[in-house]
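First comes the structure, then the notes that go with it.
The values are calculated or read from the model by the stated rules, or taken from the named source; none is laboratory data. Keep in mind that what you see is a predicted model, and the values were worked out from it rather than measured. So basically every Cβ, Gly included, is an ideal-geometry build from the backbone, and we count neighbours across all protein chains shown. Surface areas here come from the heavy atoms of the whole protein model, side chains and all, with no ligands, DNA or RNA. Shrake-Rupley method; radii C 1.70, N 1.55, O 1.52, S 1.80 Å.
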Amino acid sequence: MTKFIWLSLILLSLYSSICMAISTEPKEIQTYIHQYDFLADGFSMQNYNACKTLIAKNCPAKSATPDCTNTLTKEPSCEQLGKLSQAIGSQMALVAVKEQGNVMLVSQAFIADGQDEYYIITSTKQLIDTNIDPFKLDTRLQKKYKNATLLPLHSGAPKVKRLPNKQVFTFSMKAHDTCLACKIILAYDLQFSFDKKGKFIDAILLNIDSRISK
């Protein structure tokens with residue numbers, strides 16, 4: 001009887017661990033997590049800084065166009081930044097990378113509307129798009145706004161908090177109905193957690209405020 005109880009406890013523990021692992025990276029957000037060959041050995045900040053120096057020297061602000069910066073992708077120091085920029089649909093002059101503990105925060109500037117988008121490179125060489133559709137994380141919202149076409153946008157750089165066992169990035173978000181000039185339907189936070197080694201744990205939707213649309 002005692003052996004049976006212990007066996008049951010072990011099986012329950014294994015089941016809980018499996019469920020926990022699944023819940024940290026649900027299918028719904030897999031499309032926001034990418035693995036690229038150019039990140040197989042990590043992201044080189046040394047090459048990044050050298051490339052940014054070349055861009056500043058050869059492509060001043062007024063001429064930092066794709067035609068100018070694309071000529072630098074042949075430079076060894078710019079090869080990885082060029083591929084990263086291409087992966088997120090941008091150009092090198094508009095992409096910035098900053099080390100944050102064991103992960104890297106990537107920002108992409110949009111000159112036309114003054115918006116910024118953010119990505120995170122994990123220690124496991126994943127590139128995570130942090131602009132996750134809130135409907136993917138809370139199906140109740142999808143039912144409530146079933147006739148809306150959301151345009152989620154970041155409201156600025158994330159708040160970064162380092163805890164003993166993990167690092168947390170909290171992004172303030174606003175979701176417009178269809179276009180940037182359209183009304184805001186939702187305001188909310190997206191929280192991304194990484195363990196102390198920089199491995200992705202989960203993404204959570206917090207502080208949902210739909211009152212602004214009423």
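Going through Lys98, Lys161 one at a time, which residue ends up being within 27 Å of Ala56 (Cβ to Cβ) and free of Cβ contacts under 8 Å to residues at least 12 places away in the same chain?
Going through Lys98, Lys161 in turn, just one is within 27 Å of Ala56 (Cβ to Cβ) and free of Cβ contacts under 8 Å to residues at least 12 places away in the same chain: Lys98.
Which of the residues belonging to region 154-209 are part of a loop (DSSP other than H, G, I, E, B), open to solvent by 20 Å² or more (accessible area, probe 1.4 Å) and within 19 Å of Thr124 (Cβ to Cβ)?
Once the filter is applied, which keeps residues that are part of a loop (DSSP other than H, G, I, E, B), open to solvent by 20 Å² or more (accessible area, probe 1.4 Å) and within 19 Å of Thr124 (Cβ to Cβ), region 154-209 yields Asn165, Lys196, Lys197, Lys199.
Under 9 Å by Cβ, and 6 or more places apart or on different chains, what pairs join a residue from region 134-146 that is assigned to a loop (DSSP other than H, G, I, E, B) with one that is small (Gly, Ala, Ser)?
Between residues of region 134-146 that are assigned to a loop (DSSP other than H, G, I, E, B) and residues that are small (Gly, Ala, Ser), the close pairs are Tyr145/Ala175; Tyr145/Ser210; Tyr145/Ser213.
Which residues, taken from region 77-132, are touching a Lys or Arg at 6+ places or on another chain (Cβ under 7 Å) and assigned to a helix (DSSP H, G or I)?
If the condition is that a residue be touching a Lys or Arg at 6+ places or on another chain (Cβ under 7 Å) and assigned to a helix (DSSP H, G or I), then no residue fits.
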